[in-house]
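Visitor: Have a look at the structure that comes next, please.
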Amino acid sequence: MFNISTIPHEALRPTEQVPMKELFGFGEDKNLVERFKDQGPLVPPVDPFYKFPERETKVALLAIKRGESTYLVGHSGTGKTELVNQIAARTNRNVVRVNFDGHLLRSDLIGEYILQSGPNGMFSHWRWGKVPIAFRLPGTIVLLDEVDACPPDTTFVLQRALDTSKTLDVHETNQLIPLHPQNVIFGTANTKGQGDDSGLYSAGTHHQNFSFLARWKNTVILDYMTEEEEFKMLRLRFPNPADSQPIIKDESIKSVCQVLAKARAAFKNGTITQPLTTRDAIHWLEKIIIIRKPMFAAELTFLNRMPERDAASVAENIYVAFDIKADDSQRFKDRASTKRL
């Protein structure tokens, strides 16, 4: 006799309709977005200074509304994961993030039987993986992070979850777990899953099976913020009090944005091996405020972790963007590349 069961859905969470402009800073009052009335247990914290990319955010919100899986593609530091987190933070959605790598197994995703000791000796106990838990928790974004790092034979586990049935097939327990109707699946990746066109991510990424890639309903490409967009965001994050000396001058923020833009352009064309992210900019400015030495602050924030050749190239642009004083670090003064990024 067959013994296959379907695990029923948990109860729906109550929702409300809120103007898109109120939550995300764009759109008209008539454009409403569904938000859960109460926070779930795994809702990310709100970053009040986060700037939502309008087009990509609208696509993501539509995907959430329609329950469509969405594959976010972009270079390191373009904010793929943060976009998902900040949408969830504004709409009171949980985020269960599964970090993929080349050693991830089916058992890591779905679960496995483990041995435990009890009063009557050892017994076998089923331990659920993250994905089934995320499927069942109401009002959750299942975030498959860096999914192109996962071996293709492991991502096969998710194919049925991504097709129209939206169901996990747990062979080990003869159970089917349908995605909760208030849940949606997002994936992030540095590549489109068909190899690395840029040559920047050949280590650590895999060719994915076409049938896996074809099951994603949406594919969205994210890029870095422009210098102007990043300046506006950083200016908000580091305001100038009207009744005191500026915490950080506009010129310093513009210089930071200039260095980041050149480093990202160099990363894209393969001149350097690591990009600079918005997080780097924030940490750099925080240190500039404290120690007042842009080059030394840059060393502490990112230059010391970069390959020496990359660091020298980026340092040269810092010399160009900032007026580096004699009491600041001179470590890269003689080693900075004569050819600018």
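Visitor: If I go through the range 21-65 residue by residue, how many of them are buried (at least 16 other Cβ atoms within 10 Å of the Cβ) and among the aromatic types (Phe, Trp, Tyr)?
Guide: 4
Visitor: I'd like to check which strands (runs of 3 or more DSSP E) are fully inside the range 61-149 and have at least 3 residues that are on the phi > 0 side of the Ramachandran plot and in contact with a strand residue (DSSP E or B) (Cβ under 9 Å, 6 or more places away or on another chain).
Guide: Fully inside the range 61-149 and qualifying: nothing.
Visitor: Now, a different point. How do the pairs read when you match residues in the range 5-27 that are modelled with pLDDT under 95 with residues anywhere that are among the β-branched types (Val, Ile, Thr) and surrounded by 16 or more Cβ atoms within 10 Å (Cβ to Cβ), using Cβ under 6 Å and keeping only pairs 6 or more apart or on different chains?
Guide: Qualifying pairs under 6 Å: Ile7/Ile177.
Visitor: Criterion first (crowded, with 20+ Cβ neighbours inside 10 Å and either in the same structural domain as Pro307 (by TED's automatic domain parsing) or modelled with pLDDT of 85 or more (or both)) does Ala263 satisfy it?
Guide: Yes; evaluated as a whole, the condition is true for this residue.
Visitor: Can you tell me which of Lys287, Lys333 is surrounded by fewer than 21 Cβ atoms within 10 Å (Cβ to Cβ), more than 23 Å from His75 (Cβ to Cβ) and under 28 Å from the mean Cα position of the chain (by Cα)?
Guide: Checking each option against the conditions leaves just Lys287.
Visitor: Right, another one. Based on this model, can you work out whether Thr70 counts as buried (at least 21 other Cβ atoms within 10 Å of the Cβ), touching a residue at least 24 places away in the same chain (Cβ under 8 Å), of a type outside the set (A, V, I, L, M) and assigned by TED's automatic domain parsing to the domain that holds Ser165?
Guide: yes
Visitor: Under 7 Å between Cβ atoms, at least 6 apart or on separate chains: pull out the pairs that start in the range 324-336 with a residue that is hydroxyl-bearing (Ser, Thr, Tyr) and end on any residue that is at pLDDT 90 or above.
Guide: Ser329/Lys293; Ser329/Met295; Ser329/Phe296; Ser329/Glu299
Visitor: Return the residue satisfying two criteria in turn: it lies in the range 10-50 and is part of a loop (DSSP other than H, G, I, E, B) and among the basic types (Lys, Arg), and of such residues it is farthest from Asn85 (Cα to Cα).
Guide: My answer is Lys30.
For every residue, the table says whether it meets (1) acidic (Asp, Glu); (2) over 19 Å from Trp216 (Cα atoms).
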| position | (1), (2) |
| --- | --- |
| Ala89 | no, yes |
| Val96 | no, no |
| Asp101 | yes, yes |
| Asp108 | yes, yes |
| Gly111 | no, yes |
| Pro132 | no, no |
| Pro138 | no, yes |
| His171 | no, yes |
| Thr191 | no, no |
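Visitor: Which condition number in (1) farther than 26 Å from Thr91 by Cα; (2) within 22 Å of the chain's Cα centre (by Cα) is the one that Ile133 fails?
Guide: (1)
Visitor: Another question, then. Cβ-Cβ below 7 Å, separation at least six or inter-chain, first residue in the range 143-160 and more than 23 Å from Pro178 (Cβ to Cβ), second aliphatic (A, V, I, L, M) and assigned to a strand (DSSP E or B): which pairs?
Guide: Listed pairs, sorted by first residue: Glu146/Ala189; Asp148/Ala189.
Visitor: While we're on this one: So Asp101 clears everything in (1) surrounded by 17 or more Cβ atoms within 10 Å (Cβ to Cβ); (2) within 27 Å of Asp163 (Cα to Cα) except one condition, right? Which one?
Guide: With respect to (1) surrounded by 17 or more Cβ atoms within 10 Å (Cβ to Cβ); (2) within 27 Å of Asp163 (Cα to Cα), Asp101 is out only on (1).
Visitor: Taking the residues in the range 240-251 that are more than 22 Å from Lys293 (Cβ to Cβ) and of a type outside the set (Asp, Glu) as candidates, determine which candidate is modelled with the lowest pLDDT.
Guide: Ala242
Visitor: Quick one: what pairs do we get from the range 110-139, first residue within 20 Å of Arg160 (Cβ to Cβ), second assigned to a strand (DSSP E or B) and among the hydroxyl-bearing types (Ser, Thr, Tyr), C-beta under 6 Å, 6+ apart or different chains?
Guide: Listed by first residue and then by second, the contacts come to Trp126/Tyr113; Ala134/Thr140.
The values are calculated or read from the model by the stated rules, or taken from the named source; none is laboratory data. Small disclaimer: the values here were computed from a predicted structure and weren't measured. Note: ideal-geometry Cβ built from the backbone for every residue, glycine included; neighbour counts use all protein chains shown.
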